[in-house]
Every structure is written in C-alpha cells, then in structure tokens.
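Okay, structure first, notes after.
Bear in mind these aren't lab numbers, they're just calculated from the coordinates by the rules spelled out. Everything numeric in this text was worked out from a predicted model, so none of it was measured. Note that each Cβ is placed from the backbone with ideal geometry, even for glycine, and that neighbours are counted across all protein chains shown.
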Amino acid sequence: MRLPENSNLTSRFFQRVALLIALGSALIGGVVAQTHAPAEPPAKNAAPERSGKESTTPATGAAEPASPQVPITRPKQQSWPAAIEAQGSIQPWQEIHISAEVDGLRVTSVLASLGDIVKKGQVLARLNSASVEAELDSATAQLNEAKAAQAQAASTLERATRLAPSGGISKQELTLYETQKRTADARYSAALALVRKQQLRLEQATISAPDDGVISSRSAVEGAIVQTGNELFRMIRQGRLQWRAEVPGDLLLRVAPGQEALIRSPLGESIKGRVRQVSPTIDVSTQKGAVFVDLPTDSNLKAGLSVSGTLNAGKRQVLTLPASVIRNRNGIETVLTANQDNRIEIVEIKTGERRDKLVEIVSPLDEKARVVADRIDTLTPGDSVSILNRAAPAAPAPAN
C-alpha cells in the first residue's frame, strides 16, 4: 500500500526542518551572547593596534591650521649721492653793456645784429667822425705851434745861460728866460693832451666788441644821435651761460664749488654743469641762497629760461628698503613687520628719495626691523606667521 510509504517520507521531512531550526537558534543565541559580553580592558603597557594604513585626516578641533611661511628683509644702510633738487633761471655768465662814449655824433652804420657771434675788436657800429677829425686837426696845429714856441724858449735860455757867467746878461733876465721856457713846455704839454683827447674821441666813434661773445641786445639805429652813456649793444661775454639755482638755506650748507650739477632741458635731455660759486648769504624773505653753475658753451639753453635741476652735494648715508615691500593706500605708505611673537604688525613709514628699485626710509624703522617681503597683500595685522630661513632677494645697489 502506498499510504504508509508517504507517511514515512513526510515524517522525515519534518524532522529535518526541526533540526535546521534548532541549529539556527543555537547560532543566533551564541552571537547575541558574544555581542553583549563585556569587553576585556587592554593591558597597561600594550601598544595600540595599528591598521595597515594610518589615517592622515586630523580629528576635528585636534590642531590649529599651520601658520603661513613668509620671507623677511631688513632695512640696509647705503651711501647715496646727496642730490638737491632746485629751480632757477639761465643767465649770462657776464653781460657787457656797450654804450656810446662821445656826445652829439650820428650813427652812420650798424654792423652787428641780435644773436651774432663776434670777436674781440670786431666793429659793431660806426659814428660820424667828421667833426672829431676837424677838431683833431685843430689840436694838432696848436701842438705844432706850442712845439715851435718851446724850441725857441729853449734856445733863448741856452744863450742866456752861456752869457750869464761873463755878466753879459743880468740875473733877472736869466730868470725871465727860464720862466718862458717853463711856460712853453706847459703849453706844449697842454696841446699834446688836446691832440690825444681828440684822437681818443676819433677812436670812440668806432664801436667795437670788447671781448669775444654773442650779441644779446641791439639798441643802435642808423641816423640816431647818440649821447654819452646811451646803450647801443649788449653782449654775453664769451657766449658763456650759467644756471642760477635757488636752494633752501639748510641745504645750501652742503653745496660747494666744484660739485657736479644736472640741468633738465625742456627738450628732454639733461645737461651737465659744475658749481662755480655759492652765495655767501641767504635771502631773509625767501630763506634761499643762490648757487651759480657753469654750463657748457654748446648747450641749447637760452638766457632767461626757467629750468629745474639736481645738485650733487657729495654722499650721504640712507636707510633703504626694496620698493616692492611698501604698500601705498590713499597716499599713506606702510610696511608689514613681524614682531618677536612672529605676529604681523602694520607700520606707517615716512619715505624720502627713490633710486632704481630702492626707497629711502626716513622714519621710524631701523636696521633691526623685520619687514615682510612677500604676501603683503594677503596678510593682516595679528596674523601668526612662520619666518623662512632664507632671506628675501636683495634689491640691486643704486647706480651712482
């Protein structure tokens, strides 16, 4: 019969299912028991167990962020030319006024014009000398007459002197002849002086250049009647010009003859000169003194021109920093410095002259100041920084 066989199979199936359920329950119970069992405390000296790969991510709030690293530079002493900026005008070294020395003569010809380069003795103008020549002739005639009277008086005195010892002439007559001789000599001298005077007037009728130079002004006009003292020409002696620089009194003390100067031409080029003379006094109202600088004769500057320039008054010691470490905000110049705690401070500075890539520091820094040389636009006061061991690159020394 098939029924009993099916019953055995069914019974075995249920037995197996029950066995599987018992095994699963036992496993679940062991896991739960192990999970809730208290953990065994680690040994005191036991080293912590490390994983094969350590985590490089710091725990939140475990450490502060690293301080930025910055290079520093220190102000350096350097020897710079003591340059003095000045303003002034171009003037003739010497200007000669050429005037008439005779009265009442007419200008017959003018031979020089404004800007002409002339030589010493060159004729500039001529005056009508006819009247002077006539007076010279008259004076010459008087001189000849006086010379003849002098010769006659000398001859008479000589004869009287020979006769006096023998009594051929009285002492009174001898004295008279001596007086006539002295009178004749005096008249001759007067006539000679008159001739020389007229010769001089004749020479003065020709206006000549007293030295080499350049005609800077001409007042002579043909046909005009001149009087003594009337200016006819002005001449820049030897064509030499000078720069008359106005320098503040405290800076004038640094200037000395022989120092170099650099004058800036309106055409853009610079002209070298040399200090010839320094004013011994300072103007009370302006508190400035004059410095006279000789200019080369081939310069393109003109008298009367107002120009600026620089006087090289020797050397001076200055404290400098590279221009790249200085910040300028609304005209206020500052630098960032690192204090003893390596924290950033902002310092307002006063600067002076600038040469090449360097700036003169007037105040308040000294050579011990630690000035931040990089990242100056990203740091703020109070920031903590780490100072790099390497020094910031130094700026090149300024050219003299």
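For segment 129-204, what is the convex hull (Cα atoms) projected area averaged across all directions, in square nanometres?
In nm², the orientation-averaged hull projection of segment 129-204 is 4.8.
Taking amide H atoms as placed 1.01 Å from N in the peptide plane, list the residues 5 or more away in sequence, or in a different chain, whose amide H sits under 5 Å from that of Arg218.
Long-range HN contacts for Arg218: Arg234.
For Ser166 and Lys147, compute 0.36 nm times the residue count separating them, minus their Cα-Cα distance, and round to one decimal in nm.
Details: separation 19, 0.36 × 19 = 6.84 nm, distance 3.05 nm.
Fully extending the segment from Ser166 to Lys147 adds 3.8 nm.
Post the alpha-carbon centroid distance, segment 80-141 to segment 272-337, in whole angstrom.
If we compute the Cα centre of each part, the gap is 37 Å.
Report the FRET efficiency, 1/(1 + (r/R0)^6), for Gln77 and Lys119, where r is their Cβ-Cβ distance and R0 is 41 Å, rounded to 0.05.
For R0 = 41 Å, the calculated efficiency reads 0.15.
How much length, in nm to one decimal, is gained on full extension between Arg196 and Glu260, taken as 0.36 nm per residue of separation minus their Cα-Cα distance?
So the chain would gain 18.0 nm between Arg196 and Glu260.
Can you give the FRET efficiency to the nearest 0.05 for Glu178 and Thr140, using r as the Cβ-Cβ distance and R₀ = 25 Å?
0.30
What distance in nm separates the two pseudo spin-label positions at Asp211 and Ile282, each 7 Å out from Cα along the beta-carbon direction?
My value for the distance between the label points is 3.2 nm.
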